[in-house]
Amino acid sequence: MTDVAVGGSCRSHAAMVAAAAVALGLLAFAADSVAGGVGQVLIALTSSGFAWGLAAFLAGRSAATAKRAVGGATALLVLATLLYYLLVLVVSRRWSGGTLEDGTSADLLGLRSVAMMTVLWLTGSLVGGPVLGLLGHIVRVGNVSTSALAAGAVCGLLSGEGWQAVMLAPPWQLLTVSDPYQAEFFRGVVVGELVKIVLPIVVLAWLGTAHRLWRVWPTLLTAAISSGALSAALWYVLYAAAHSI
């Protein structure tokens, strides 16, 4: 491959990553403004570990080299995070308004919360981006066994947030709410939980078929189950840290 072709491929991948980051940040921000059950479903589709993790994985899978896979996936998550919180800071201004019990403005606390959440999710991007990007690259270029391990690991990582949500708020409990407004909201929560579990399985089925990995299906499923359990535990710790801020 010539230097011109390599440079063109690099620029094309960088442009794709930038466009995906902008789309991800905008969609996540827009989903926050939709109320009720529909809003919960949209958040699951655009502003969840599954949605952002899948974007990072696909960025890695489309890269020509492992270095570009890691860099592209990480840059995508970092840029999307910065755009999302910039929109929160400047456009929606959810952090502003209100007063404390002593009558002082709560704006300072709101800004602190936005700053802390930005740091938290940037840290998550810097950790998760390289992992998901590299897994995406391995799925595409590895041998059958290695690709199966990577594909299964990706499925588990993408579904971990959903499994964590189901353990904390089982669907059968949420569906017993009798208040009409709350019932609609919780139905959306249940659908969102299922989306974050079912869609990673769909991704696994696609990868297994596209890369002919079903001949080593025990490896594929073992990796998916073990990484799913690990991912659910990590999401529990992450949400506990977020709620403590």
Of all the C-alpha pairs in the chain, what % are more than 23 Å from each other? 55
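Over the chain, with every protein chain in place, what whole percent of the accessible area is carbon and sulfur at 1.4 Å, could you tell me? Don't jump to the answer; show the numbers that get you there.
Values: 9010 of 12660 Å².
The computed percentage sits at 71.
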Got the relative contact order for the chain handy, in percent, Cα pairs under 8 Å and 6 or more residues apart? 24
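Within 15 Å, Cβ to Cβ, of VAL144, how many net charges do the neighbouring residues add up to if Lys/Arg are +1 and Asp/Glu are -1? All intermediate terms of the calculation are to be shown ahead of the outcome.
Details: positive: ARG140, ARG212, ARG215; negative: none.
Net charge around VAL144: +3.
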Length-normalised contact order of region 22-64 in % [C-alpha pairs under 8 Å, at least 6 apart]: 32
With a 10 Å radius around each residue's Cβ, average the other Cβ atoms per peptide and rank 138-145, 125-132, highest first. 125-132, 138-145
Taking R0 as 35 Å, what's the FRET efficiency between GLN182 and TRP214 from their Cβ-Cβ distance, rounded to 0.05? 0.25
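The values are calculated or read from the model by the stated rules, or taken from the named source; none is laboratory data. A quick note: this is a predicted structure, and the numbers were derived from the prediction, not measured. Note that we place each Cβ from the backbone using ideal geometry, even for glycine, and neighbour counts take in every protein chain shown. Note: accessible area is taken over every heavy atom of the protein model, side chains too, but ligands, DNA and RNA are not part of it. Shrake-Rupley method; radii C 1.70, N 1.55, O 1.52, S 1.80 Å.
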